[in-house]
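Notes to accompany the following structure.
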Amino acid sequence: MVRNEKMSSAELERQRGFMNKVREINEEFYNKKGRRKKMHITTFGCQMNAHDSEKLHGMLIKMGYEPAEDEKDADFVIYNTCCVRENAENKVYGNLGYLKHQKKRNPYLKIALCGCMMQQETVLQTIKEKYRHVDIVFGTFNIYKLAELIYINHETNAPVFDIWKEHGEIVEDLPSVRHFKYKASVNIMFGCNNFCSYCIVPYVRGRERSRCSEDILDEIKALAKDGVKEVMLLGQNVNSYGKGLDENITFAQLLRKVNEIEGIERIRFMTSHPKDLSDELIYAIRDCKKVCNHIHLPVQAGNNEILMNMNRKYTKEQYLALVDKIRAEIPDIAVTTDIIVGFPGEDDACVDDTIDVINKARFNGAFTFIYSKRTGTPAASMEQVSEQDAKRNFNRVLDALNPVILQLNKEKVGKVYKVLAEDVSSDAEFITGRLEDNSLVHFRGDESMLGEMLDIKITDCKTFYLIGERI
Ligand code: SAH
Ligand code: SF4
Ligand code: F3S
């Protein structure tokens, strides 16, 4: 298989042909029934999946489907699945049970499953045996084939399974519908080579491969022309961006190039692995005006033996030294993290080390997870800790984190920050936006403010958000 080579334009043309064919089928349906087929996508998991769903959405619109507000009203339902933790998988099975009844009510309903969970052989077996009402199943490497699979399913009226074990060429130029008008995600790389011992991602997303910088920059320029002000550069480990490409480029160099693009006001990225975060990258964040003062730097655990068994390739001391170095160069940077509690062998004393890291690194935010055993990963065959101990330690970690986060938020009260107005809150009178450091802020306002960079004075705070007013 050719690495890092783009999909041939002939194949893309072929897929456009299938999109047109499905469009014709849907047009026929409209002529007969007087209504258009509706589609609904549910996304589980991370921003990679969310971004893939934007592509699925774009392709379905091209095929003539209309978005349904509610899954109940849809004729085409897709679940873009995640398998990073067991509860994400259980939700999918639960929903599928419910969809079986929906199919009785709507004979036109088609059900498609895709995403990370589908890359596992055991899941495919379960679906074939127990969820026979599923029509189309595909994986993480071939989402661009959606139209073709819909067409085959329509012609054969039989379930279609198309799962690739490995990645093919990187597919450029898929139609895509953005979730937000003013901010957009951009893949800079796919896959992961790190094989942290608890993690399934490398098995379901394949080996690491970078997109060439010209394609990335062109995509961002087009987004800027379309009104996008903030881009999020996505990769499982952005620090290794550029490896394996013909061109000679690092992530720091890419950031500097994106920083030059007119119209873009904010640049974010995730995720950085602490093991290979370079000084060059710290300087790029410091020097580039548009690159936000925020770094998401998952620590996962604080105990050195646990870190070693997790295959994270750094120690607690190295991690803390790195945070110090980043804060020394960029004093107002926000550092956020991911923490796993209950990894095999993690006892109370190990968790004390995690709590020590929390107090020393003073995280501005954290995603915390209870360890979930993933079949096929090395950690699955290590000695597991009891659910009870994991839960108790999980609460200890939260009790340590929350006061730190609240304190850092309190320090913002009374100060004025630039905020990008992103969304209307559920109660309509409030707008939600983000500070450069990624903190969420709610303030009184209206829809006309969306997409504006506003001066907001912080008046109050909670652990998970700030409250402000426009000045
Ligand atoms: N590539 C990113 C993370 C992707 S997965 C990185 O390494 O930073 C997002 C988070 O899910 C991880 O950071 C980890 O905290 C959590 N996670 C991954 N596997 C898990 C598992 N088996 N159980 C619980 N949490 C897990
Ligand atoms: Fe998973 Fe580790 Fe890769 Fe992140 S870096 S996706 S945690 S294997
Ligand atoms: Fe993301 Fe879940 Fe896949 S976290 S990469 S959607 S397993």
Testing Ala328 on (1) of a type in the set (Gly, Ala, Ser); (2) over 23 Å from the mean Cα position of the chain (by Cα); (3) within 30 Å of Ile249 (Cα to Cα); (4) open to solvent by less than 10 Å² (accessible area, probe 1.4 Å), one condition comes back false. Which one is that? (4)
Arg85 fails exactly one of the following numbered conditions: (1) of a type in the set (Lys, Arg); (2) out of contact with any Ser or Thr (no Cβ under 7 Å at 6 or more places or on another chain); (3) closer than 20 Å to Thr375 by Cα. What is the number of that condition? (2)
Just the residues that are touching a Gly at 6+ places or on another chain (Cβ under 6 Å), open to solvent by 20 Å² or more (accessible area, probe 1.4 Å) and either within 16 Å of ligand 2 (Cβ to nearest atom) or within 23 Å of Cys114 (Cβ to Cβ) (or both), please, taken from segment 171-202. Pro175, Ser176, Val177
Quick check, is Val397 more than 30 Å from Arg286 (Cβ to Cβ), crowded, with 19+ Cβ neighbours inside 10 Å, β-branched (Val, Ile, Thr) and not assigned by TED's automatic domain parsing to the domain that holds Ile431? yes
Select, from Asn239, Asn259, the only residue that is among the polar types (S, T, N, Q), in contact (Cβ under 8 Å) with a residue 24 or more places away in the chain, within 20 Å of Asp437 (Cα to Cα) and within 16 Å of ligand 2 (Cβ to nearest atom). Asn239
So which residues in segment 336-354 are surrounded by 19 or more Cβ atoms within 10 Å (Cβ to Cβ) and either part of a helix (DSSP H, G or I) or touching a His at 6+ places or on another chain (Cβ under 8 Å) (or both), if there are any at all? Thr336, Thr337, Cys350, Val351, Thr354
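Okay, residues lined up against (1) under 25 Å from Ala184 (Cα atoms); (2) part of a loop (DSSP other than H, G, I, E, B); (3) at pLDDT 95 or above; (4) acidic (Asp, Glu):
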{"site": "Met39", "(1), (2), (3), (4)": "yes, no, yes, no"}
{"site": "Ala50", "(1), (2), (3), (4)": "yes, no, no, no"}
{"site": "Ser53", "(1), (2), (3), (4)": "yes, no, yes, no"}
{"site": "His57", "(1), (2), (3), (4)": "yes, no, yes, no"}
{"site": "Ile61", "(1), (2), (3), (4)": "yes, no, yes, no"}
{"site": "Ile78", "(1), (2), (3), (4)": "yes, no, yes, no"}
{"site": "Cys83", "(1), (2), (3), (4)": "yes, yes, yes, no"}
{"site": "Tyr93", "(1), (2), (3), (4)": "no, no, yes, no"}
{"site": "Gln102", "(1), (2), (3), (4)": "no, no, no, no"}
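Table: residues versus (1) under 23 Å from Asn239 (Cβ atoms); (2) more than 12 Å from ligand 1 (Cβ to nearest atom).
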position	(1), (2)
Ile163	no, yes
Gly168	no, yes
Val177	no, yes
Ala184	yes, yes
Tyr203	yes, no
Gly206	yes, yes
Ser213	yes, yes
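The values are calculated or read from the model by the stated rules, or taken from the named source; none is laboratory data. This structure is a prediction, so every number in the text was calculated from the model and none was measured. Positions of Cβ are backbone-derived with ideal geometry, glycine not excepted, and every protein chain shown enters the neighbour counts. Accessible surface is based on the protein model in full, side chains and every heavy atom, while ligands, DNA and RNA are left aside. Shrake-Rupley method; radii C 1.70, N 1.55, O 1.52, S 1.80 Å.
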